[in-house]
Amino acid sequence: MKKLILILFAVITLICLVVAVRTVLHVPEPEHSGIKASGGEIRKVNANDIATHLSEAIQFPTISNQDSALFQADVFDAFIQWVLKTYPKSAQRMQLEILGGYSLLFKWQGSRADLKPVLLTAHYDVVPVIPGSEELWDHSPFGGVIADDIVWGRGALDDKSAVISMLEASELLISEGFEPSRTIYFSFGHDEELGGRQGAASVTRHLSSQGVQLLWSLDEGSFVTQNIMAGISDPVATINVAEKGSVTLQIVAKAEGGHSSMPPRNNAIGVLAEAITKLQDNPVPGGLEGLSAEMLDQLSRYMPFTERMIFANLWLFGGILESTLSESQVTNAMLRTTTAPTMLSGSVKVNVLPIEAIATVNFRLHPRDSIDDLQAYIEYIVAHPQIEVRRPGDNGIAASAVSDWRSEGFQVISRSLRSVYGDIAVAPGLMVAGSDSRHYTKVADNAFRFNPILVGPSDLAGFHGTNEKIGIENLVKATQVYALIIENSQQGSQ
Ligand SMILES: [Zn+2]
């Protein structure tokens, strides 16, 4: 008995020791070698000029409306003319193609044809302001007001600030006499908010027809965030390396119709309700592997001891952690394909039994799941003689490929970012919304989605919402980061 207690004690001590050692070693990794550190110094930029330029850009209401009849071609044309006038050096030094009607593709020819080009991209269309909500804005959404070191208006965050910062960076580098060896493209889309079917799609087709294969592309996506990631109070950056897909399925329950005065025990709506409950009780399997695991592994290295202990010892705490992460809407969406029933329909009259009851369910696909695999899983979960699963119009966009976060492009972005923001945590992330990158991935070895601006919890409401705004300090930093990214993109031998 005494021996047994001794063995038990030894085992517990050993486990505690392993947990402690792993926790102590779970600290930020030294950077992967292969590319020399940024080398570029942080440039002095003129904050007032950048703010004024963004303010002017916001005053063009380049709105993407769902109803194409509302498209204002003259506003988009005027914006393009404004770009050429405001950034004369870029307009003169680079070749410009207008594609898909109003999207701009600038080519900054490099001297070495053996190096694969890179692409920096952003979009200048914006979402409309909800009619009647203008009153809720502190400053008019298309006024471009600058007050208290902040630029206000639609597009300040999404995504005119990126367009402006990229152009400021190119203008700055050209005036310094910088000549690229690796060709650099900039594209500025005009219909990203409608899926980029004209803009980014045309740019992609154009590049492909020219035989261009990009080493990497950098588009909008995640940010440097502060006080958003639980457990870390310092700024952290997630550079999105993939985006989720989307598919909508209909769960259809069939039954005999008839008069509601003599109903069967369970009609179509009852059968459908059971199916929805099954969907809710059986989320699409997910897990802590691949991209999600890497992201949490990197970020947790910056967390306090207790949190670090959990992430450093997934062999022991993995199960508990996964179920905790699945409880939160935000982290659950990172771990798996999500299930969201959004629409319901049944009978057309109060006293008529439905012959079909339909639930429309929107799924956001994790990169590990294909559309066909998902449909097979859903059919298996809701299986019932009266249930059918339909995919209306064969809709669906698969999740993107996962770009390599050990690759040169990721390192270039990460190093440039750290030169400006200091030694912050940088990890790969998964984009739960869509971007123009779904087009660009067709011509890029790797596609990254990230804006080098600092975003806090209070900024999040501004995206597509009310009181969208950006601090001038953020515009300065974004310009500095993009300038370094361009400079550092020249390294490498591919
Ligand atoms: Zn956007």
Stokes-Einstein translational diffusion, the chain - Kirkwood Rh over all Cα pairs, 1.567 mPa s, 4 °C, in µm²/s:
52 µm²/s
For Val24 and Glu473, compute 0.36 nm times the residue count separating them, minus their Cα-Cα distance, and round to one decimal in nm.
158.1 nm
Trypsin sites (Lys or Arg not before Pro) within region 205-309, DSSP loop, no more than 16 other Cβ atoms inside 10 Å:
Arg265
Between Met431 and residues 5 or more places away or on another chain, the pairs with built amide H atoms under 5 Å apart involve Val241, Ala242, Glu243, Lys244
Compactness of region 400-467 as Cα Rg over 2.2 N^0.38 Å, two decimals
1.27
For region 160-302, alpha-carbon Rg over 2.2 N^0.38 Å
1.73
For region 162-227, what are Rg and Dmax over the alpha carbons, in angstrom?
14.5, 45
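Within the set Lys442/Lys477; Lys44/Lys89; Lys278/Lys442; Lys244/Lys477; Lys107/Lys442, which residue pairs have Cα atoms separated by over 27 Å?
Check vs 27 Å cut-off fails for Lys442/Lys477; Lys278/Lys442; Lys244/Lys477.
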Once you order the gyration tensor axes a ≥ b ≥ c over the Cα atoms, which shape class does region 331-475 get: rounded for a/c under 1.5, otherwise prolate or oblate by comparing a/b with b/c?
prolate
If I take every Cα pair under 8 Å that is 6 or more residues apart in region 245-394, average their sequence separation and divide by the length, what percent do I get for the relative contact order?
45 percent
Over all directions, the average projected area of the alpha-carbon convex hull for region 69-221 comes to how many nm²?
10.4 nm²
Residues of type aspartates and glutamates that Lys254 reaches as a straight line, Cα spacing below 12 Å, ignoring anything fewer than 8 places off in the same chain
Glu356, Glu388
Do you know the relative contact order of the chain, to the nearest whole percent, from alpha carbon pairs under 8 angstrom that are 6+ apart?
26 percent
Amide H partners (placed H, <5 Å) of Val455, local residues excluded:
Val224, Thr225, Gln226
Checking region 58-165 for trypsin sites (Lys or Arg not before Pro) in a loop per DSSP with at most 13 other beta-carbon atoms within 10 Å yields Arg112
Just for the Cα atoms in region 245-394, what are the lengths along the principal axes, largest first, rounded to whole Å?
65, 29, 22
Can you work out the Karplus-derived ³J(HN,Hα) for every residue in region 266-283? Use 6.51 cos²θ - 1.76 cosθ + 1.60 with θ = phi - 60°, whole Hz, and x for glycine or proline.
9, 9, 3, 5, x, 4, 5, 4, 4, 5, 5, 4, 4, 4, 5, 7, 10, x
Chymotrypsin sites (Phe, Trp or Tyr not before Pro) restricted to DSSP loop in region 71-108 with at most 16 other C-beta within 10 Å
none
HN-Hα J in Hz across region 439-453 - Karplus 6.51, -1.76, 1.60, θ = phi - 60°, x for Gly and Pro:
7, 5, 4, 5, 10, 10, 4, 9, 10, 10, 10, 6, 10, x, 10
For region 245-394, which whole-number percentage of the solvent-accessible area (1.4 Å probe, protein heavy atoms only) is attributable to carbon and sulfur atoms?
57 percent
Any idea how far the Cα center of region 260-283 sits from the one of region 101-153, in Å?
47 Å
Count the net charge of all other residues whose Cβ sits under 12 Å from the Cβ of Ser111, scoring Lys and Arg as +1 and Asp and Glu as -1.
0
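The values are calculated or read from the model by the stated rules, or taken from the named source; none is laboratory data. Note that the structure is predicted; figures quoted are calculated from it, not measured. When we count neighbours, we look across all protein chains shown, and the Cβ atoms used for this are built from the backbone with ideal geometry, even at glycine. Areas reflect the complete protein model, heavy atoms only, side chains present, ligands, DNA and RNA absent. Shrake-Rupley method; radii C 1.70, N 1.55, O 1.52, S 1.80 Å.
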